[in-house]
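Read through the structure below, which is laid out as structure tokens, and then see the notes.
The values are calculated or read from the model by the stated rules, or taken from the named source; none is laboratory data. Model, not experiment: these values are computed from the prediction. Quick reminder, even Gly has a Cβ in these numbers, built from the backbone with ideal geometry, and neighbours come from all protein chains shown.
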Amino acid sequence: MKNNIIILIIAIFLMCIAFYIFVKQYIIKLVDRRIERFQSELIEKQVREIQNMYRQVRGWRHDYRNHINNMKIQLSQENYDGLSDYLNELADDLDTVDTVIKTGNVMADAILNSKLNVAEKMNVQLNVKANVPEALPMSDVELCSVLGNMLDNAVEACGTLPEEERFMRVYIGKLKGQLYLSVQNSAGKVRKEKGSYLSTKEGEHGYGLFRIDRVAKKYGGYVNRQNEEGIFATEIMIPLQTA
């Protein structure tokens, strides 16, 4: 009888362990599927933003011949003041579509410029310095996922504030043998629970923060988030590959 009870206890214990493992694996797979879906939506959004930026560039190029003809007419009529005004207007127009950020990484350039183009249209004051090192440990998709999420969060936070209070400071570079990513932005309400920052958005959008943390952890890096009155900062350090 005693042996049967022991066997029963062991069987129940093993069943509990098996059930725990099953539930854990199920939750991991469920989270992975939701992250994958969220990531797909994020990439689609980024592609739309990049396509919109490139459409603006193609539109300007399409009008290039007309601009040249107009300037020739102004010049032939010796209307130098009119020509000067026209050139100034063209310069302002070109500023809105020019790819001003060149990091050394084509994918990062596309993401940065598309996000910053959105920020500029929202009258966010920008201060950007970016240089992506070679031989990154992560894939371009992972890099753009991290950048896209960081910048999306910053732009959305700025959008909740009056225009005169909106600013973003972005720095990307190599620091002490590591890839260093820093985004500081003006911010209003900040959600925090048990020492961790939460997305201000509802539903599955919080997976953006989880995705950033997961990529950093995957490559032995870390994420540091801090907030003070009116400002939120995210820093990421990821060891670079060594020869």
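So that you can scan it fast, the table gives a plain yes or no per residue for (1) assigned to a loop (DSSP other than H, G, I, E, B); (2) in contact with a Phe, Trp or Tyr (Cβ under 6 Å, 6 or more places away or on another chain); (3) at pLDDT 80 or above; (4) not assigned by TED's automatic domain parsing to the domain that holds Ile231:
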{"residue": "Arg58", "(1), (2), (3), (4)": "no, no, no, no"}
{"residue": "His67", "(1), (2), (3), (4)": "no, no, no, yes"}
{"residue": "Leu75", "(1), (2), (3), (4)": "no, no, no, yes"}
{"residue": "Ser84", "(1), (2), (3), (4)": "no, no, no, yes"}
{"residue": "Leu87", "(1), (2), (3), (4)": "no, no, no, yes"}
{"residue": "Asp92", "(1), (2), (3), (4)": "no, no, no, yes"}
{"residue": "Met107", "(1), (2), (3), (4)": "no, no, no, no"}
{"residue": "Ile111", "(1), (2), (3), (4)": "no, no, yes, no"}
{"residue": "Val128", "(1), (2), (3), (4)": "no, no, yes, no"}
- Note on the structure: Taking the stretch 208-243 and keeping residues within 14 Å of Ser139 (Cα to Cα) and β-branched (Val, Ile, Thr) leaves Ile212, Val215, Ile238
- Item | Residue that is without any contact (Cβ under 8 Å) to a residue 40 or more places away in the chain, closer than 19 Å to Val223 by Cβ, surrounded by 20 or more Cβ atoms within 10 Å (Cβ to Cβ) and in contact with a helix residue (DSSP H, G or I) (Cβ under 9 Å, 6 or more places away or on another chain), where the choices are Leu151, Leu143 | Leu143
- Select, from Met150, Met168, Met138, the only residue that is aliphatic (A, V, I, L, M), at pLDDT below 90 and at negative phi. Met138
- Say whether the condition of being surrounded by 13 or more Cβ atoms within 10 Å (Cβ to Cβ), touching a Phe, Trp or Tyr at 6+ places or on another chain (Cβ under 7 Å), modelled with pLDDT of 90 or more and closer than 30 Å to Glu134 by Cβ is met by at least one residue in the stretch 196-216. yes
- Message: Regarding the stretch 155-176, can at least one residue be identified that is in the same structural domain as Glu229 (by TED's automatic domain parsing), polar (S, T, N, Q) and either closer than 17 Å to Asn224 by Cβ or not in a loop (DSSP other than H, G, I, E, B) (or both)?
- Response: no
